[in-house]
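Down below is the structure, laid out as structure tokens.
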Amino acid sequence: MFEVLKLKKVTADRGTLIVGELDELLPYQIKRFYYLTNLDSDLPRGFHAHYECRQVAICLQGSCVMHFDDGKNKQEYLMSKKEEAITIEPYIWHEMHNFSSDCILLVLASHQYDESDYIRDYNVFLECLT
Ligand code: TYD
């Protein structure tokens with residue numbers, strides 16, 4: 001349903017450096033990034049799947065809970081480690097819940113923003129899988 005990609009973490013007295021070599025981590029090129037901030041624990045986000053766009057999410061600060069659903073099974077993952085990237089693949093319904101007040105969620109995407117690539121109706125999502 002999703003993968004947890006481990007990023008390289010270099011810890012030193014001067015601070016922590018976390019790095020992702022995209023050619024090694026991802027079998028596609030990144031075309032876009034966006035990040036979510038000023039989030040509210042009572043206002044979950046997402047509630048969609050994509051037809052084509054492939055994404056990875058990294059929680060840069062704080063925490064949130066990712067909910068994944070492939071139409072048959074549901075899984076949750078607590079995002080709280082800066083050195084982890086979580087894959088969000090096409091035809092995976094995903095929601096982000098329980099944002100900590102300091103949460104910053106970075107998302108890297110394989111495609112430019114295109115509203116027609118979104119499946120925002122859960123019943124349409126289920127129909128797409130049959
Ligand atoms: P939306 O995808 O609905 O956010 P979420 O699923 O996290 O709740 O996006 C919110 C708004 O921002 C919506 O009007 C579309 C716009 N948007 C862009 O213009 N470009 C982007 O890359 C993204 C992700 C959203």
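The values are calculated or read from the model by the stated rules, or taken from the named source; none is laboratory data. Just so you know, these numbers come straight off a predicted model, no measurement behind them. Neighbour counts run over all protein chains shown; Cβ positions are idealised from the backbone, glycine included. Remember, those area values only see protein heavy atoms, side chains included, never the ligands or the DNA or RNA. Shrake-Rupley method; radii C 1.70, N 1.55, O 1.52, S 1.80 Å.
Below, the figures for the structure above:
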read-out	value
Residue within region 68-83 that is surrounded by 17 or more Cβ atoms within 10 Å (Cβ to Cβ) and in contact with a His (Cβ under 6 Å, 6 or more places away or on another chain) present	yes
Pair list, Cβ under 8 Å, 6 or more apart: region 57-75 residue within 17 Å of PRO90 (Cβ to Cβ) and free of Cβ contacts under 8 Å to residues at least 12 places away in the same chain, other residue small (Gly, Ala, Ser) and not in a loop (DSSP other than H, G, I, E, B)	none
Residue list for region 107-120, restricted to those being buried (at least 16 other Cβ atoms within 10 Å of the Cβ) and either away from the ligand (no atom under 12 Å from the Cβ) or of a type outside the set (A, V, I, L, M, F, W, C) (or both)	SER110, HIS111, ASP117
Residue match in region 53-75 (condition: away from the ligand (no atom under 14 Å from the Cβ) and hydroxyl-bearing (Ser, Thr, Tyr))	yes
Failed criterion for PHE33 (all others in (1) open to solvent by 70 Å² or more (accessible area, probe 1.4 Å); (2) in contact with a Phe, Trp or Tyr (Cβ under 9 Å, 6 or more places away or on another chain); (3) within 12 Å of the ligand (Cβ to nearest atom) hold)	(2)
Matching residues, region 90-130, being touching a residue at least 12 places away in the same chain (Cβ under 8 Å) and of a type in the set (D, E, K, R)	GLU95, ASP102, ASP114, ASP117, ARG120
ASP23, sole failed condition from (1) loosely packed, with under 14 Cβ neighbours inside 10 Å; (2) in contact with a His (Cβ under 6 Å, 6 or more places away or on another chain)	(2)
Search result, residues across region 17-56 that are aliphatic (A, V, I, L, M), more than 19 Å from PRO90 (Cα to Cα) and part of a loop (DSSP other than H, G, I, E, B)	LEU39, LEU43
Test: residue in region 41-49 that is within 14 Å of LEU108 (Cβ to Cβ) and either over 12 Å from the mean Cα position of the chain (by Cα) or not acidic (Asp, Glu) (or both)	no
Close pairs from region 1-20: first at negative phi, partner among the small types (Gly, Ala, Ser) and assigned to a strand (DSSP E or B), Cβ under 9 Å, at least 6 apart	GLU3/ALA85; VAL4/ALA85; LEU5/ALA85; LYS6/ALA85; LEU7/ALA85; GLY20/ALA85
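Each row is one residue, and each column tells you yes or no for (1) touching a helix residue (DSSP H, G or I) at 6+ places or on another chain (Cβ under 8 Å); (2) closer than 12 Å to LEU5 by Cβ; (3) of a type outside the set (A, V, I, L, M); (4) at pLDDT below 95.
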| site | (1), (2), (3), (4) |
| --- | --- |
| THR16 | no, no, yes, no |
| LYS31 | no, no, yes, no |
| VAL65 | no, no, no, no |
| LYS74 | no, no, yes, no |
| LYS81 | no, yes, yes, no |
| GLU89 | no, no, yes, no |
